[in-house]
Amino acid sequence: AGGARPRRPPLDRSLDRPSASALRASSYRKNLLGVTPKEVPLDCKVLLVSLHEARNIPSVDLTSGCDPFLELSLVAGESEAVFGKQTKTSTHHNSTLDPIWDPPEFFGFILMEDYKATKSRVVATVFDYNHISSHKPVE
C-alpha cells in the first residue's frame, strides 16, 4: 500500500461539482488551487469554475481543424484583489470544434476579501494545441 496511487475525489453528480468531502481533502485543494492550504490567506474566498464544453470553435488548421484547450486567468480589476498571478490550463482535445470535458474539469481561484469592489474577472482564452511549435490562440 506504500506505492498506492491516491484515488480521485468523488464528484457530487447531483450538483456536478466536487463533493464537500473532496474539497476538504488537502491534496485535492492543492491540485485545485495550485497552492497548499497553509499558503492561502485566512481572509480569502475561493471561486470555483467548472469547464464542461465549448461549441463552434473556429478551425485554425486546414488539415486537422483544431486541438482546443482553454487557459483561464483571474484578472484583477482596480486593486490587488487576487492572490498572485493565477492562470489555469485545461486538458486539450484532438481534432474537434466542439470539445466536451467529461468529467468536467474544475479550477479554483483565490480571491481576497475585497474582490467585489475591484471588478476582478475570469478571462478564458481558447488555444489550438501544437505538438511542435507554440500554441496558437483561436480568434
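The values are calculated or read from the model by the stated rules, or taken from the named source; none is laboratory data. Computed from a predicted model, the values in this text were never measured in an experiment. Virtual Cβ from ideal backbone geometry, glycine too; neighbours counted across all protein chains shown. Just so you know, the surface numbers come from the protein's heavy atoms only, side chains and all, with ligands and any DNA or RNA stripped out. Shrake-Rupley method; radii C 1.70, N 1.55, O 1.52, S 1.80 Å.
Got a sec? Which of 122, 126 is modelled with pLDDT of 90 or more, open to solvent by less than 70 Å² (accessible area, probe 1.4 Å) and either in a strand (DSSP E or B) or in contact with a helix residue (DSSP H, G or I) (Cβ under 6 Å, 6 or more places away or on another chain) (or both)? Don't jump to the end; show me each part of the working.
Numbers: 122 fails: modelled with pLDDT of 90 or more.
Testing whether each residue is modelled with pLDDT of 90 or more, open to solvent by less than 70 Å² (accessible area, probe 1.4 Å) and either in a strand (DSSP E or B) or in contact with a helix residue (DSSP H, G or I) (Cβ under 6 Å, 6 or more places away or on another chain) (or both) leaves just 126.
Just to be sure I understand, how many residues within the range 75-107 are assigned to a strand (DSSP E or B) and at pLDDT 85 or above? Give the steps one after another, and end with the answer.
So the first thing to find is which residues in the range 75-107 are assigned to a strand (DSSP E or B), and the list is 75, 82, 86-89, 100-107.
Still in the list and also at pLDDT 85 or above: 87-89, 100-107.
Summing the residues that are assigned to a strand (DSSP E or B) and at pLDDT 85 or above in the range 75-107 gives 11.
Looking only at the range 129-139, count every residue that is assigned to a strand (DSSP E or B) and surrounded by 13 or more Cβ atoms within 10 Å (Cβ to Cβ) and tell me the total.
The total comes to 1.
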